[in-house]
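The values are calculated or read from the model by the stated rules, or taken from the named source; none is laboratory data. None of the values given here were measured: they were computed from a predicted structure. Cβ: placed from backbone, ideal geometry, glycine included. Neighbour counts: every protein chain shown. In case anyone asks, the SASA skips ligands and DNA or RNA and just uses the protein heavy atoms, side chains included. Shrake-Rupley method; radii C 1.70, N 1.55, O 1.52, S 1.80 Å.
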Amino acid sequence: MAHSGLSFESDMQELIIQDLHVSIADQEIIRGLSLSVPRGEVHAIMGPNGSGKSTLAKVLAGHPDYIVTAGSVTMDGENILELEPDERARRGLFLAFQYPSEIPGVTIANFLRAAVQSRMPEGEELEATDYYAQLYKKMDLLEMDRSFTSRSVNEGFSGGEKKRNEILQMALLEPKYAVLDETDSGLDIDALKVVSKGVNSLRGPDLGVLLITHYQRLLNYIVPDRVHVMVRGRIEMSGGKDLALQLEEKGYDWVKDDIDEPTLA
Amino acid sequence: MVQENKSLEIERNIGDFAYPETHTHDAGIGLTEKTIHYISDVKQDPDWVREFRLKAYRTFLSKPMPTHWASRDLEAIVFDNIRYYLSGGIQPKRTWEEVPDDVKRTFERLGIPEQERKFLAGVEAQFDSEAVYSNIKKAVGEQGVIFVGSADGLKEHPEIFRKWFGKVIPTGDNKFSALNSAVFSGGSFIYVPPGVKVKHPLQAYFRINAENFGQFERTLIICDEGSELTYMEGCTAPKFNTATLHSAVVELVAMKGAKIQYITVQNWSNNVFNLVTKRGLAHEEAEVKWIDCNIGSRLTMKYPGVVMKGRKARGEVISIALAGDGQHQDTGAKMVHAADETTSNIISKSISIGTGRATYRGLVHVPKHLKNCKNNTECDALLINSHSRTDTYPAITVRGTGNAVQHEASVSQVSAEQIFYMQQRGLSKAQAMSLSVNGFVNDLVRQFPMEYSVELKRLIELEMEGSVG
Ligand SMILES: Nc1ncnc2c1ncn2[C@@H]1O[C@H](COP(=O)(O)OP(=O)(O)O)[C@@H](O)[C@H]1O
Ligand SMILES: [Mg+2]
């Protein structure tokens, strides 16, 4: 266990997952996963389809369908598994969804305003002018048209627009930890560059990022500090950014073969 | 067992009125010819009105309950237990301390002004709106607009009143319009002279009194040629102070080229049967538009209608219904095309929460001999949690050539994924719910006047908080 020495220090600015087991419909999807992301770092999780990456992302965010059967998740020393999804969010956890939901009739402007307002102390009203100034600044960063704000959240959006909208929300809400689930999928190369630029501009000592992808391509633009390979609900290999290139070259089978052998034997 | 029942009884009565024991100033309980005479005596009705009431009473008795198509829950109404008239001298009494806390909180959250709260909660019998609205009243008075209570209207302006009273909605239209015709009191009478465009919306508030909040309001509005009027009734505050049966009748008459917009927002308490008949008559190139928002009640049955009698007349019904736990909103619209080139539009959105139930009934009638008539109907239902139920019963009879009807219906759910997505952004479950619901009705809420739309949004928030628990 790589983190056993660190996890008990409550002043650690780190997202720590220890020996996590998660089931849905009596099927175990996450099977003893451990990982930690300190603030200031970007960690990539790569893995084949169906290995449980999105499950991990949703469990971190508190999705009610998944059952945590064992293990712990702490954020800056606080156990978050008992918290409601919105409490986790307000404490600084952000998830950019692989498949963001549509909310008919609710404009981006109103939705984000409610999200920002939810982070303010009770009784304090968000100042409209400040809010729009902030929002427009972030939109400019992501090269988004102002008219975007009056569209209903994700309704009728192209794949690329949805992903850009996720990053816009991340930029505005300034999380401590962000989990980006396949933010690169469905993006053409220009959109990928814009989104990467957005994420990179948010990088800094106060933000930890967990970047989920199954293509190496994204990692050319958002260069990770660490790369983890996830197969069938576990981290099976970890390394520096070069691990992604190795994976690209050899494929996931290389990792699978590597781990299948001992279990077969 | 006995104890359980007892506590249930007490629960039910929280917030109920305490009526004075003596019945010398009201019509007592139950309905007979004597009751009608009593009401006519107290109100000093002209003879024709007394006759009208008595005839209506007989019609009421002869009409069956519409349970062959409507909810059987109607059978729970016991006509013999109802108090049909309270004269002005006697008012129900309750102190502010006796008003339940949740009602006070709702007033607070809705931002209802202090003096109105007391009236709405039934602590005060009068809400003195004179000071607030006298300017507007004066202004419309100078334009020749008549705006009085229906009792004054029938006495002071019989030549206009009698011509249209009971003509748009005949007494025998249904059992409840007959009941209203027998025992009506309260409601407004408005006449707008030719060409006058009333700038400010007129509100029932302007001349509110206890009768106005009565059970059997009767409103008649006549807009003469080329005139325009917006009328608003109700408010988003819970009307929890009242009796269990409400049966209003509202008749609108738009003469050639006139425009009437009638806006209702009602928020009934859970024990109320709200059975309302509303219809407008649109003459040539006239327009009648109903904007209707129904929240609460045990059972609401309401199908605002427009009879398009003149060429190029237009009718529109925009409605929002919210059925919370244990409530049934049975609403819809009736569009009767009776001239060429008439157009009608119905947009209905319902929200069902928990065991709440929303039913849409629409009638669109275009007879064979008419040409170039159009109807558009959209009805959308939003379900919140699996118990919710929604039914749609469109009855569309369109004959003849060149007439076009378009009907769209949808049922959607506030999905768990949607709520999770919003929660992930920091919104509580209740906030997420209310934002979804507000989004669903957003395009309709925008058609309400500003102060209503703001209140409506807040009201939906409150309902959602309650439903998430
Ligand atoms: N809601 C669910 N119900 C049943 N099975 C699920 C559900 N969500 C995910 N799974 C299963 O869990 C496994 C991992 O899925 P997922 O986390 O989406 O993988 P990835 O994101 O790595 O492609 C898959 O076998 C998938 O079928
Ligand atoms: Mg996935």
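How large is Rg over Rh for the stretch B:376-469, taking Rg from the Cα atoms and Rh as the Kirkwood inverse mean of 1/r across Cα pairs? Radius of gyration over Kirkwood radius for the stretch B:376-469 works out to 1.09. For A:S185, nonlocal amide neighbours, meaning residues 5 or more places apart or on other chains whose placed amide H falls under 5 Å from its own, do not occur.
Carbon-plus-sulfur accessible fraction, the stretch B:386-459 (probe radius 1.4 Å, protein heavy atoms only): 51%. Using the beta-carbon distance between B:T355 and B:D152 and R0 = 56 Å, what value does 1/(1 + (r/R0)^6) give for FRET efficiency, to the nearest 0.05? Given R0 = 56 Å and the Cβ-Cβ separation, E is 0.80.
Coupling constants for the stretch A:221-228 follow from the phi torsions by the Karplus curve (6.51 cos²θ - 1.76 cosθ + 1.60, θ = phi - 60°), and in residue order they are 9, 10, 7, x, 7, 9, 10, 10 Hz; glycine and proline get x. Straight-line reach from B:K457: taking Cα to Cα under 16 Å and skipping same-chain neighbours fewer than 8 places apart, the lysines in range are B:K349. Buried between A and B is an accessible area of approximately 1900 Å², summed over both sides with a 1.4 Å probe. Summed over the residues of chain A and divided among them, the accessible surface reaches 45 Å² per residue at a probe radius of 1.4 Å. Put a plus charge on the Cβ of each Lys and Arg, a minus charge on the Cβ of each Asp and Glu, and nothing anywhere else: the dipole of the stretch A:159-198 about its Cα centre is then about 140 debye. Taking the C-alpha atoms only, the angle from helix A:108-117 to the longest principal axis of chain A is near 80 degrees. Please give the helix A:159-173 orientation as an angle from the longest Cα principal axis of chain A, in degrees from 0 to 90, rounded to the nearest 10. Result, in degrees: 80.
Expressed as a fraction of 2.2 N^0.38 Å, the C-alpha radius of gyration for chain A is 1.02. Computed from backbone phi with θ = phi - 60° and the Karplus coefficients 6.51, -1.76 and 1.60, the 3J(HN,Hα) list for the stretch A:40-57 is x, 10, 10, 10, 9, 10, 10, x, x, 3, x, 7, x, 5, 5, 4, 4, 4 Hz; x is used for glycine and proline.
At a 1.4 Å probe, which residues in the stretch B:389-417 are at least 20 Å² less accessible with all protein chains present than in their chain isolated? So the qualifying set is B:E417. Listed by chain and number, the lysines placed with their C-alpha closer than 28 angstrom to that of B:K368 are B:K167, B:K256, B:K259, B:K278, B:K289, B:K302, B:K309, B:K312, B:K334; residues fewer than eight positions away on the same chain are left out. Ranked by the mean number of other Cβ atoms within 10 Å of their residues, highest first, the peptides B:377-383, A:217-223, A:193-199 come out as B:377-383, A:193-199, A:217-223.
Accessible surface comparison of B:K312, B:K199, probe 1.4 Å, protein chains only, largest first: the order is B:K199, B:K312. Counting Cβ atoms of other protein chains within 10 Å of each Cβ in A:58-68 and taking the mean gives 2.
Under the simplified labelling scheme, the B:L61-A:Y221 pair shows an inter-label distance of 8.2 nm, with each label point 7 Å from Cα along Cα→Cβ. Distant-in-sequence amide contacts of B:S344, defined by a placed amide H-H separation under 5 Å and a gap of 5 or more residues or a different chain, comprise B:G315, B:K374, B:N375, B:N376.
Using a simple spin-label model with pseudo-atoms 7 Å out from Cα toward Cβ, A:K250 and B:K368 lie 8.4 nm apart.
Net length available on complete extension from B:V78 to B:W48 is 7.9 nm, with 0.36 nm assigned per residue and the Cα-Cα distance removed.
With R₀ set to 45 Å, the beta-carbon distance separating A:K197 from B:H407 gives a calculated FRET efficiency near 0.40.
Heavy-atom accessible area for B:T219, with the other protein chains in place and a 1.4 Å probe, reaches approximately 0 Å².
Using amide H atoms built in the peptide plane, which far-off residues or other-chain residues are under 5 Å from B:I263 H to H? For B:I263, the qualifying residues are B:Y231, B:M232, B:E233, B:I291. Taking 0.36 nm per residue of sequence separation and removing the Cα-Cα distance, the A:D130/A:D65 pair yields an extension gain of 19.7 nm. Averaged over the residues of peptide A:122-133, the number of Cβ atoms from other protein chains lying within 10 Å of each residue's Cβ is 0. Spin-label pair B:M450-B:E142: with each label point 7 Å from Cα along the Cα-Cβ axis, the two points sit 2.2 nm from one another. Across the stretch A:71-76, rounded Karplus estimates of 3J(HN,Hα) from the backbone phi angles (6.51 cos²θ - 1.76 cosθ + 1.60, θ = phi - 60°) give x, 9, 10, 10, 10, 6 Hz, Gly and Pro being marked x.
With r as the distance between the Cβ atoms of B:N270 and B:E465 and R0 = 22 Å, compute the FRET efficiency 1/(1 + (r/R0)^6) and round to 0.05. Efficiency computed from Cβ-Cβ geometry: 0.85.
In terms of the mean number of neighbouring beta-carbon atoms within 10 Å, the peptides A:106-116, B:53-63 order highest first as A:106-116, B:53-63.
Mean partner shielding of peptide A:101-114, defined as the number of other chain Cβ atoms within 10 Å of each residue Cβ, is 5.
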